[in-house]
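Step one of this worksheet: look at the structure below.
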Amino acid sequence: MYRTFAPGAGIDEDQGTGSVHCVLAPYWRDKIGKTEMRSLQLSERGSEIIIQVVEDGVRITGSVRLLIRGILSI
């Protein structure tokens with residue numbers, strides 16, 4: 001299970017957690033020898049994410065829906 005839940009912040013369940021795939025994809029590449037994988041979240045608000053392990057990182061693609069927009073100032 002690699003989903004995000006934060007009911008206190010109003011997030012009962014996420015659509016799909018892309019950031020965790022940056023860690024899981026290289027792990028599974030080493031285990032099963034595949035550089036491209038598909039992740040399905042089978043819930044009411046499900047998602048489908050295509051993950052590719054590339055030379056300099058992980059490429060994540062899929063359909064998105066904007067939930068929040070903001071500006072980060074450092």
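Need one number: nm distance between label points at residue 71 and residue 9, each 7 Å from Cα along Cα→Cβ, rounded to one decimal.
Result: 2.2 nm between the two label points.
I'd like the projected area of the stretch 7-61, averaged over all directions, using the convex hull of its alpha carbons. Report it in nm² with one decimal.
4.5 nm²
Given labels modelled 7 Å from the Cα in the Cβ direction, how far is it in nm from residue 42 to residue 27?
If labels sit at residue 42 and residue 27, their model points lie 2.1 nm apart.
For the stretch 7-61, what is the charge dipole size about the Cα centre, in debye to the nearest 20, if Lys and Arg each add +1 at the Cβ and Asp and Glu each add -1 at the Cβ?
In total the dipole reaches around 220 debye.
Bear in mind that the values in this text are calculations on the coordinates, not laboratory data. Remember, it's a predicted structure, so these values are computed and weren't measured experimentally. Every residue, glycine as well, gets a Cβ built from its backbone with ideal geometry; the counts of neighbours run over all protein chains shown.
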